[in-house]
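The values are calculated or read from the model by the stated rules, or taken from the named source; none is laboratory data. Because the structure is a prediction, the values reported are computed rather than measured. Cβ coordinates were reconstructed from backbone atoms using ideal geometry, including for glycine residues, and neighbour counts include every protein chain displayed.
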Amino acid sequence: MKIQLLGVLVVLACSLTYATNKPDSSKTITINSKTTNAYMPVLTVTSVFVEESNGSASVPIQLDVIDTVDTTITITTVDNTATSPDDYTTTIVNATIPAGQLGISVTIPITDDFIGEPSENFFVNATITSGNTANTTASGTVTIGPNNFPSLNIQSISIQESAGVANITIALSNPSSQNTVFDIATQNNTAVAPVDYTPVNETGIVIASGMTNFMYSIPIIDDSTVETVEDFDVIVTVTSGNTSNNWDSGTVTIIDNDDSVMSVGDVTVSENAGTALVPVIISGPNPVETTVQITTTDNTAITPDDYTPTTVTATIPPFQTSVDVVIPIIDDNLSEPTEDFTVNGVVTSGNILNTTDSGTVTITDDDQITLIINDISVSEDAGSITVPITIDGLTIFDTGINITTTDNTAVAPNDYTTVMTSVTIPGLQSSVNVTIPIIDDDVFEVIETFTIQGTVTTGNTINVNAFATITITDDGSCGSGVVGDPCDDGNSATLFDFIDENCNCIGEAVADVDGDGIPNGEEVLNGTDYNNPCDPIQNIGYTGYDADNSVWQNANCDNDDINNALEVILGSDPYDTNFNTIQGSIVYDVNGDGCNGMDDTVFSFTRLDINDGSNTTSIYTNDAGLYTYITTTGNYTVTPNLENPTFFNVTPANATANFSTTNNSVFNQDFCVTNSGTNPDVEITISPIEFARPGFDAVYLITYNNNGNQIVSGDITFTYDDTVTSFVSSTQTPDSQSSGVLQWNYTNLTPFENRDFYITLNVNSPMATPPVNINDELTYTATINPVAGDVSPEDNMFELEQTVVGSYDPNDITCLEGNVVDADKIGEYLHYIINFENTGTFFAENIVVEMDIDPTEFDINTLRLLGSSHDANVTINGTMVRFIFQSIFLPVDGQGNILIKIKSQNTLAPNDTVSNDARIFFDYNFPIQTNIASTTYAVLNNPTFDVETSMNIYPNPTKNTIHIEATHTIQNIEIYDVQGRLLAKESYTTQNVTLNLSNQAKGIYFVKIKTAKGVKTQKVVKM
């Protein structure tokens, strides 16, 4: 045992001298240190508190006054609640307080036993063995503070469902001096009692003092259901003891041992079914979503002739066992044997035992082939007649036919030559011709007939025989201008040798057909009107627009050899004979086998730029994918201008036409478009056709386009407020309808194809409940799916905000984005609808719509035609755009429209305004000027705007969260899906909110934010 004594102060004996206050201050009084003290010191042992972890306790031993002699003491320790050697080391030591000092300290070792205990103490006794203290003994207490309280820990474990029991270790971090008593209970998480385990709720379980752990067993249920990994919590609460924490919990994770198997079913369908529904099945209910990547592989059925190749993800929701995959079947009108193809499935997510399976789709043919020979008439002087022998559908088999003729009133060989022959229609072809000689006998006869018969000898037609009647009409042999003919006047034939239908000679044609005072004969013979480029006599009724000189005039006098009467663009005059033509088509190679004209689709409304070396003119294909450009001499480069050029390869990239003279030359160039990568991209718009008026029907045009390079099928959703508008009709019947929501399915929308339909809604009157009044706002949304995977999901949704009006001009232009858009939309597309209506009293034969695009506001090179109500020729010269409806014959009150989009210049600044208008020419009347559609790129925190737009919503699109920052306090936020269903609503009193969308599926949502200053609705795309 080692005893440590503090240093002893040595106090030397000294004399204390002090001055008195007596008069004789020179005297001193000396007190000898050995003089007997009048006061005897008292010894004390000071009680101390020490932490067990300190290692030792320092105990002060003190006199209350300094003594002149040494004080010797014997120090001993005595157990109390603290015992030696468990809590401290017994100490017995002799110590001395030197004369002149007040005390010393004694150090006593303290034992840190790492056992949780309460406060304990022991005594320190001092016995005085020499000195002159007033007392002979003294005692103090050393208190050891509580220490090493153990912490309670519950072990988390993972077990197989088949284990039957989960053994949970309940442990203390170190032993305790006391019993630890606790309660134990279980709590459901994804594992639920008693389905997955036996619940526990037990009290009074003891971990004895000195012990550190306890094993507790919880029964686990081994069921036969396929499940995900599940877990539940074990909660332990201490009711007695000295642990540092009074509860803890652990998690028991159960790993499922049941298997689910995916399979792809076999299906047999008729070719005319349109689609095959292929079931994708899992063998048992599964609590997690299963996704399967579906692809198709040719067998005897091949794409795209027999079915549409399909690559799609099939999703089986939790606890469902199957889902159908829709595969389009092609009804090809080709007679063929039963064929099949394979549907492959690969599991991409879920807890499925296998990863692949496949099924077979068998297609039974529905085509019945019939042999057809049609009745034909032929003039006697034709020399022969060609009779088509046809079948009404394609077959892969050769069709052999015996051909014979039989007399009726026409008799061989006087009227025709008998035919007996055999012909073959090769497989995949539909006709073959048979020629029968006709005899011209120069005898006036009545109409005569004979019969042709075809008898099938080989093939798979449903009929064996087909018959047709051949009618021979007599040629009359008059009016030919040959000397000796009945009407011959001895000279060559002229317009004065006119004959009627009965071969009567009537002489000169004197009728004034067009009512201009000039007989038709003179007009042709004298070179007036039609053939004279500057006829001095105006041909009344045929004044019009001179495209070459770009003026509207009432005279036929521009010297271009083109009759101004019907002229709209060069070459459109039916009497024009002085121009060259560049023409062709743009077609899309659907299945990568080349543009062979068999299975291609057209690129409608596609722009082509034609450059003559100095200027560029743009034209568009029509809805059949054809283009025509009329010109004169020069070298012209023709280049397709696609909206998304990186999505496609165009062959050739461009073409050059060279015309040295104007001689009706035709340069034909077809362009073949193929895919570059995989880029699905569909777009939708809503356009007002009949404006919203209280109590009247409003009409809206839904236009959807495929701007990508994949054939797409999906659905369209249109939402409206059914409290203020009601659905009347649609030109395409909805596939589903609910309150305020209409939905249509669409299939096989090919690249660059556009489709549209009209919706009619009735607007509430001011007397209805709720009422609709002028200047009220109506909001509509249209969404086209699929959104997932779309390269431009932002144009899969379109929102139209429309102001209710009292009256309107039917010839107008509207910016669909509205009068005010966010400044961050600068440089993006704006959509315009131009509506026109014939308000006259007679049909309009030709209509021209002109727009002069301001190049400081718009990029003319981005103008795209999305659709038109009638077939139109579109040209762009510089900044002038013309939509030409030739021979439209629009009836009185008839309506038409043009839908375009164009990007604004990205050099615009916030608060700039862009505008467009149009001029509409009905035949040869002066043009109707539309309104001006102005749109301001507003800084949306500007308080001059009524709607609350002074907020920032980002990021959009988002994967998980969106942040909303507003300049005014947000009152509430609502989230809607594309079906208009309210998904969530929360109230707030802050200007900044973060919304978590991680639990929502991928798609489009609408976030409606209300502040004290207004309401803003924002489309948000969840990726």
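Filtering the range 304-359 to residues that are assigned to a loop (DSSP other than H, G, I, E, B), in contact with a Gly (Cβ under 8 Å, 6 or more places away or on another chain) and within 15 Å of I282 (Cα to Cα) leaves only T321. If you go through the range 98-112 and keep only what is in contact (Cβ under 8 Å) with a residue 60 or more places away in the chain, closer than 29 Å to M40 by Cβ and β-branched (V, I, T), you end up with I104, V106, T107.
If the condition is being exposed (fewer than 12 other Cβ atoms within 10 Å of the Cβ), more than 24 Å from G594 (Cβ to Cβ) and either within 36 Å of the chain's Cα centre (by Cα) or of a type in the set (G, A, S) (or both), then the range 650-668 contributes only S660.
Considering the conditions (1) of a type in the set (S, T, Y); (2) closer than 30 Å to Y720 by Cα; (3) outside the structural domain of L749 (by TED's automatic domain parsing), S687 is excluded by exactly one of them, (3). For the range 369-381, the count of residues that are surrounded by fewer than 18 Cβ atoms within 10 Å (Cβ to Cβ), on the phi < 0 side of the Ramachandran plot and among the small types (G, A, S) is nonzero. Just one of (1) out of contact with any strand residue (DSSP E or B) (no Cβ under 8 Å at 6 or more places or on another chain); (2) of a type in the set (G, A, S); (3) more than 29 Å from V805 (Cβ to Cβ) fails for S736. It is (1).
Each residue in the range 688-716 was checked for being within 21 Å of V312 (Cα to Cα) and of a type in the set (S, T, Y), and 1 pass. With a requirement of 2 or more residues that are among the hydroxyl-bearing types (S, T, Y) and closer than 30 Å to P41 by Cα, the strands (runs of 3 or more DSSP E) lying completely within the range 113-201 that satisfy it span 120-130, 137-144.
Yes/no per residue for (1) of a type in the set (A, V, I, L, M, F, W, C); (2) under 60 Å from the mean Cα position of the chain (by Cα); (3) modelled with pLDDT of 85 or more:
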residue	(1), (2), (3)
D24	no, no, no
S33	no, no, no
N37	no, no, no
P41	no, no, yes
N54	no, no, yes
T68	no, no, yes
A82	yes, no, yes
T89	no, no, yes
N94	no, no, yes
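Has the range 717-731 got any residue that is within 26 Å of D812 (Cβ to Cβ), surrounded by 15 or more Cβ atoms within 10 Å (Cβ to Cβ), hydrophobic (A, V, I, L, M, F, W, C) and within 27 Å of the chain's Cα centre (by Cα)? Yes, the conditions are met somewhere in the range 717-731.
Let's see how each residue does on (1) in a strand (DSSP E or B); (2) closer than 30 Å to V312 by Cβ; (3) not assigned by TED's automatic domain parsing to the domain that holds P751:
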| position | (1), (2), (3) |
| --- | --- |
| I586 | yes, yes, yes |
| G594 | no, yes, yes |
| G597 | no, yes, yes |
| G613 | no, no, yes |
| I630 | yes, no, yes |
| Y636 | yes, no, yes |
| E643 | no, yes, yes |
| T661 | no, no, yes |
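Given T141, T243, which one is closer than 30 Å to V50 by Cβ, touching a residue at least 24 places away in the same chain (Cβ under 8 Å) and surrounded by fewer than 19 Cβ atoms within 10 Å (Cβ to Cβ)? Show your work before the answer.
Numbers: T243 fails: surrounded by fewer than 19 Cβ atoms within 10 Å (Cβ to Cβ).
Selected residue: T141, the only one of T141, T243 that is closer than 30 Å to V50 by Cβ, touching a residue at least 24 places away in the same chain (Cβ under 8 Å) and surrounded by fewer than 19 Cβ atoms within 10 Å (Cβ to Cβ).
All conditions but one from (1) within 26 Å of N246 (Cα to Cα); (2) in contact (Cβ under 8 Å) with a residue 60 or more places away in the chain; (3) surrounded by fewer than 14 Cβ atoms within 10 Å (Cβ to Cβ) apply to I154; the one that does not is (3).
Could you check how many residues of the range 762-821 are part of a loop (DSSP other than H, G, I, E, B) and closer than 30 Å to V712 by Cα?
Step one: of the range 762-821, the residues part of a loop (DSSP other than H, G, I, E, B) are 764-776, 786-792, 804-811, 816-819.
The next check asks that each one be closer than 30 Å to V712 by Cα; those that pass are 786-792, 816-818.
Residues in the range 762-821 being part of a loop (DSSP other than H, G, I, E, B) and closer than 30 Å to V712 by Cα: 10 in total.
Residues in the range 233-249: is at least one at pLDDT below 90, within 30 Å of I352 (Cβ to Cβ) and in a loop (DSSP other than H, G, I, E, B)? Taking every residue of the range 233-249 in turn, none turns out to be at pLDDT below 90, within 30 Å of I352 (Cβ to Cβ) and in a loop (DSSP other than H, G, I, E, B). The set of residues in the range 173-189 that are out of contact with any Phe, Trp or Tyr (no Cβ under 8 Å at 6 or more places or on another chain) and more than 18 Å from Q155 (Cβ to Cβ) comprises S177, Q178, N179, V181.
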